[in-house]
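One structure is given below, encoded as structure tokens.
Derivation of every value follows stated rules applied to the coordinates shown; laboratory data play no part. Since the model is a prediction, treat every value here as computed from it, not as a measurement. Cβ placement follows ideal geometry from the backbone for every residue including glycine, while neighbour counts extend to all protein chains displayed.
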Amino acid sequence: MTGETAQGSPRQDDGGPADKLRIDESLRAIGSEGRATLDAALDAGRALRRLASADFALSRSALGRGLAWAGVAVVFGASAWLLLMAALIALLFTLGLSWLLSISLAALISLVVTGVAAWRVTVFFDMAGMHATRRQLARLGLFDEHGDDDDAATCAGTKG
């Protein structure tokens with residue numbers, strides 16, 4: 001067992017010049033592959049940055065056009081609603097109701113729709129408040145809002 005491997009042939013010396021040459025070549029190859037990997041990662045990062053920049057530009061353009069079309073939709077939707085209410089008032093008047101009662105019923109319908117829409121807006125704006133994220137950030141001590149009495153009362157109740 002002195003210098004022989006399992007096959008019975010003598011072991012080669014690990015410190016010879018041929019081994020050092022192979023290790024040196026291997027280290028150079030690893031270094032060049034590492035540089036190639038870094039260059040590829042930098043190229044991928046640049047491509048991703050260009051993609052995100054182009055995507056944000058497209059999004060910005062689409063947002064502007066979407067807002068313009070939303071304005072057109074609001075104008076025509078409001079005029080259609082007014083015409084619909086006028087037709088309802090005329091129909092109620094022809095059915096024998098007075099002008100005052102016909103207009104009042106149309107106004108009541110409009111107020112009910114407005115109330116439902118306002119209620120839904122408050123619900124969705126409350127959902128957009130990112131409450132869970134704000135709670136977690138407050139637990140970490142980041143972005144703690146000093147005017148929030150509910151969180152202070154909750155924290156005081158859990159510490160005691």
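7 Å from Cα along Cα→Cβ at both ILE109 and ALA86: what's the point-to-point distance in nm?
1.5
Can you give the FRET efficiency for LEU48 and PHE76, using 1/(1 + (r/R0)^6), R0 = 45 Å, r = Cβ-Cβ distance, to the nearest 0.05?
That gives a FRET efficiency of 0.65.
Calculate I(q)/I(0) for the range 14-82 by the Debye formula, one identical point scatterer on each C-alpha and no solvent, and give its log10 at q = 0.15, 0.17, 0.23 Å⁻¹ to two decimals.
Debye curve over Cα of the range 14-82, log10 I(q)/I(0) at q = 0.15, 0.17, 0.23 Å⁻¹: -0.73, -0.79, -0.95.
Can you work out the Karplus-derived ³J(HN,Hα) for every residue in the range 66-82? Use 6.51 cos²θ - 1.76 cosθ + 1.60 with θ = phi - 60°, whole Hz, and x for glycine or proline.
Residue by residue, the range 66-82 yields x, 5, 4, 5, 5, x, 4, 5, 5, 4, 6, x, 5, 5, 5, 5, 5 Hz.
Tell me, in nm to one decimal, what length is gained between SER61 and THR94 on full extension, where the rule is 0.36 nm per residue of separation less the Cα-Cα distance? Walk me through the intermediate numbers first.
Details: separation 33, 0.36 × 33 = 11.88 nm, distance 4.95 nm.
That pair, SER61 and THR94, stretches by 6.9 nm at full extension.
When a footprinting reagent is the concern and you count Cβ atoms within 10 Å, what order do PHE93, PHE143 take, fewest first?
Numbers: PHE93 14, PHE143 9.
The most exposed by this proxy come first: PHE143, PHE93.
Using a 7 Å offset from the Cα along the Cα-to-Cβ direction at both SER32 and MET127, what is the distance between the two label points in nm, to one decimal?
Spacing of the two 7 Å Cα→Cβ label points: 5.8 nm.
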